[in-house]
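The block underneath contains the structure these notes are about, expressed in structure tokens.
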Amino acid sequence: MTKKIFPAGFFWGASTASHQVEGGTVNQWSEWELAHASDLAKTSTERLSKSTPDWPSVKAQASDPNNYVSGKGVDHYRRFEEDFDIARKLQLNAFRFGIEWSRIEPEQGVWDEDAIAHYHTYIAELKERGIEPFLNLWHWTMPTWFTELGGLEKRKNLVHWRRFVQKIGDEYGSELKYVITLNEPNVYAVFGYVTGEWVPEKKSFYTCMKVYINLVYAHRQAYKIFKKTKPSIQIGIAAQLANIQAKRPHNVLDEFATAWMRFAWNWWFLNRIRKQQDFVGFNYYFTDYYKGFKPDNPGAPKNDLGWYMEPEGLYPLLVRVWAHYKTPIIITENGVADSTDQYRQWWIEETIVAMERAMSEGVDVRGYFHWSLLDNFEWKFGWWPKFGLVHVDREHGMKRTIRPSAIWYARKIKSLKRGDLPTREL
Ligand code: BGC
């Protein structure tokens, strides 16, 4: 069965983002971390104890201010070759990474040649190992000179974005086949500008919409610039899509809320860039059941962050995405915060089954990127949630240890590539 489903060139990948792993990044997020670390630590119990399933084991880390500082990251900026060796060992043939704008252009209009050279080497080292690079331009972090000008709140600031994109196109275009412009514009706009829990902590629906619309322009402009620089390049975004369902399937209110949420959260942005995407890239973490306008999810199973887990929810979502856009799909992120590695294998297995089901019905899925290769800095949560296929011990020389689920995943990929080994015999 599986043999026929996944084609030979299917991308089995993992995803990362520069700020979450590199170490030493200086941008609007790193500044925000330094300003908020002690507060976040002090308020951790009141913020997190109820929603975190195993709070006693998390408490010490979550109440330590160091948890909230990305700092040295997992030193991926220096250890990328070691990490790519691991990726290859894990049978991965694709890798999504972020290029850090604040490194490339630390001051307005000034390019950092060392940083530019670094990413040339980085891409070359991936290719050397037979791993297809998927370069991601924007994963929420920006140089402070840009955010001080008002960042994405002002349309006219996109002139700086275009200059950056052109530079990336000129430098790396010839080395790349795939580019992802934006990561989860909806999450950034809502957390930064509606709930105000992320930098720049604003609570204004009006500004949120301005930013969101500017991100539509940012994508379209990047698409145009890249296509002009290299017509064959394949471009998409990494949207955050949820499998949104009505809690009570025949309840009018639940049905209405579901339709509205699907439109507002999932389709609004993608509809606007319909003509400027060669693939629909999306990140899948959530299935949400709506009772009226309130999510009302089952109480179990939950991951370490307290997020309800329904990996098989990927199947109906894939079918819906395909029905909407009839464009090849790449799952650009998908994973689970699981420090004890009790759920990850199950999650990946269910995910593969969900892809198989959708693909067997003609949904054109081209690749799957697990989040993440390495344990990484989880934004406002900091370091304690563990998403890595590979555990990183930040206290002991950043030692990398491959988790058992990743070993299973590697064998599974190998068998799917060969097409001859049912899962149970692994
Ligand atoms: C983001 C990642 C993040 C992951 C897990 C995604 O929404 O793109 O940066 O680490 O979720 O929280």
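The values are calculated or read from the model by the stated rules, or taken from the named source; none is laboratory data. The model shown is predicted, which means the values in this text are computed figures rather than measured ones. Neighbour counts are summed over all protein chains in view; Cβ atoms, including those assigned to glycine, are modelled from backbone coordinates with ideal geometry. Surface areas here come from the heavy atoms of the whole protein model, side chains and all, with no ligands, DNA or RNA. Shrake-Rupley method; radii C 1.70, N 1.55, O 1.52, S 1.80 Å.
Evaluate E = 1/(1 + (r/R0)^6) for Arg272 and Lys380, where r is the Cβ-Cβ distance and R0 equals 35 Å; express this FRET efficiency to the nearest 0.05.
Efficiency computed from Cβ-Cβ geometry: 0.80.
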task: Could you calculate the contour length gain from His391 to Lys203, that is, 0.36 nm times the residue separation minus the distance between their Cα atoms, to one decimal place in nm?
output: 64.1 nm
query: Can you give the accessible area per residue of the stretch 98-157, in Å², using a 1.4 Å probe?
result: 38
message: Quick check on my link table: of Lys4/Lys230; Lys127/Lys230; Lys326/Lys414, which ones sit more than 24 Å apart, alpha carbon to alpha carbon?
response: Lys4/Lys230; Lys326/Lys414
query: So if we plug the beta-carbon distance of Arg220 and Trp55 into 1/(1 + (r/R0)^6) with R0 = 45 Å, what FRET efficiency do we get, rounded to 0.05?
result: 0.55
- prompt: Ignoring ligands, DNA and RNA, what percent of the accessible area of the chain is carbon or sulfur (1.4 Å)?
  reply: 53
- line: Along principal axes, largest first, the alpha-carbon spread of the stretch 250-336 in whole Å comes out as 39, 32, 17
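Subtract the Cα-Cα distance of Glu82 and Ala300 from 0.36 nm times their separation in residues, and report this length gain in nm to one decimal. If you can, show how the numbers build up before the last one.
On the way: separation 218, 0.36 × 218 = 78.48 nm, distance 3.68 nm.
So the chain would gain 74.8 nm between Glu82 and Ala300.
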field: Packing-based ranking, highest mean first, of 303-310, 397-404, 118-125 given that Cβ atoms within 10 Å are counted
entry: 303-310, 118-125, 397-404
- request: Quickly work out the Lys177-to-Leu149 label distance, labels modelled 7 Å from Cα along the C-beta direction, and quote it in nm with one decimal.
  value: 3.5
- request: Enumerate the lysines that Lys227 could reach by cross-link, defined here as Cα to Cα under 17 Å, with residues fewer than 8 away along the same chain left out.
  value: Lys167, Lys177, Lys275
field: Packing-based ranking, highest mean first, of 45-53, 342-350 given that Cβ atoms within 10 Å are counted
entry: 342-350, 45-53
statement: Once Val319 and Glu125 are pulled to full extension, the length gained, defined as 0.36 nm per residue separation minus their Cα-Cα distance, is 66.3 nm
- line: Dividing the surface of the Cα convex hull of the stretch 18-136 by four yields a projected area in nm² of 9.1
task: Just tell me, in residue order, which DSSP H segments of the chain are both 27 angstrom or longer along the helix axis (alpha-carbon based) and at least -1.0 in mean Kyte-Doolittle hydropathy.
output: 205-229
- prompt: Quick one: if you stick a label point 7 Å off each Cα along the C-beta vector at Val252 and Val194, how many nm between them?
  reply: 2.5
- request: For the chain, with a Gaussian network of springs between Cα atoms less than 10 Å apart, report the residue from Leu149, Leu126, Leu373 with the top mean-square fluctuation.
  value: Leu149
message: Along the Cα→Cβ direction, 7 angstrom out, place labels at Leu34 and Asp112. What is the inter-label distance in nm?
response: 1.4
message: How large is log10 of I(q)/I(0) for the stretch 192-333 at q = 0.09, 0.11 Å⁻¹ when the intensity is taken from the Debye formula with one equal scatterer per alpha-carbon?
response: -0.33, -0.50
field: Cross-link partners of Lys294 among aspartates and glutamates (Cα-Cα below 13 Å; sequence separation of 8 or more within a chain)
entry: Asp254, Glu255
- request: In a Gaussian network model over the chain where Cα atoms closer than 10 Å are linked, find which of Val336, Val392, Val58 has the largest mean-square fluctuation.
  value: Val58
message: How large is the convex hull of the C-alpha atoms of the stretch 11-418 per residue, in Å³?
response: 135
- request: Rounding to the nearest 20 debye, state how big the charge dipole of the chain is about its Cα centre with +1 on each Lys and Arg Cβ and -1 on each Asp and Glu Cβ.
  value: 1420
query: Which value, in nm² and rounded to one decimal, describes the direction-averaged projected area of the C-alpha convex hull of the stretch 144-232?
result: 5.8
- request: Return a whole-number percent for the relative contact order of the stretch 11-418, with Cα pairs under 8 Å and 6 or more residues apart as the contact set.
  value: 18
field: Set of aspartates and glutamates with alpha-carbon distance to Lys59 below 17 Å, sequence-local pairs under 8 removed
entry: Asp39, Glu46, Asp304, Asp338, Glu378
